[in-house]
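In what follows, a structure is listed as structure tokens, so that the remarks can point back to it.
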Amino acid sequence: MERLSATEAARRFSDLLDAVEHRGETFTISRRGRDVAVVAPAKEGSGKELKRFLRKHPPDKAWAQELREMRGTLYVEERSWRG
């Protein structure tokens, strides 16, 4: 895995993406000596994996009601803007 400064990654961004896309390379990006990001090939998924995930994590039946209750607590101040 190659390590690049944020400045160098910005200068070579197109080449960096080509290396990731076509050669499967991974890069660590650092800023001021600290690692802040990793640029790597995106994981490919499939409909089969999505179905498996959704079956494993069924919807929460109380979620819609909780969302309505939370929205009811929001206060929106309405004023005319003078321009």
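Derivation of every value follows stated rules applied to the coordinates shown; laboratory data play no part. Source: prediction; values computed, not measured. Here the Cβ positions follow ideal geometry from the backbone for every residue, glycine too, while neighbour counts run over all protein chains shown.
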Worksheet item: Rounded if a/c is under 1.5, else prolate if a/b is larger than b/c, else oblate: which is the chain, with a ≥ b ≥ c the root eigenvalues of its Cα gyration tensor?
Response: oblate
Discussion item. Starting from the 7 Å offset along Cα-to-Cβ, what nm value, one decimal, do you get for the label separation of E2 and R32?
Written reply: 2.6
Worksheet item: Under a plain spin-label model, where a point goes 7 Å from the Cα along Cα-to-Cβ, how far apart in nm are S46 and F13?
Response: 3.4
Fill in: Positive dipole terminus of the chain, leading residue within G72, P41, A19 (C-beta point charges)
G72
Worksheet entry | Packing-based order for 67-79, 50-62, 3-15, using average beta carbon neighbours within 10 Å, highest first | 3-15, 50-62, 67-79
Worksheet item: By a straight-distance test (C-alpha under 15 Å), which aspartates and glutamates pair with K61 as possible cross-link partners, with residues fewer than eight away in the same chain excluded?
Response: E69
Worksheet item: Cα axis of helix 13-23 to longest principal axis of the chain: angle in degrees, 0 to 90, nearest 10?
Response: 80
Fill in: Between helix 63-72 and the chain: long-axis angle, C-alpha atoms, 0 to 90°, nearest 10
70
Worksheet item: For labels at E69 and L54 in the simple 7 Å Cα→Cβ model, what's the distance in nm?
Response: 2.7
Worksheet item: To the nearest 10 degrees, how steep is helix 47-56 against the longest Cα principal axis of the chain, on a 0 to 90 scale?
Response: 50
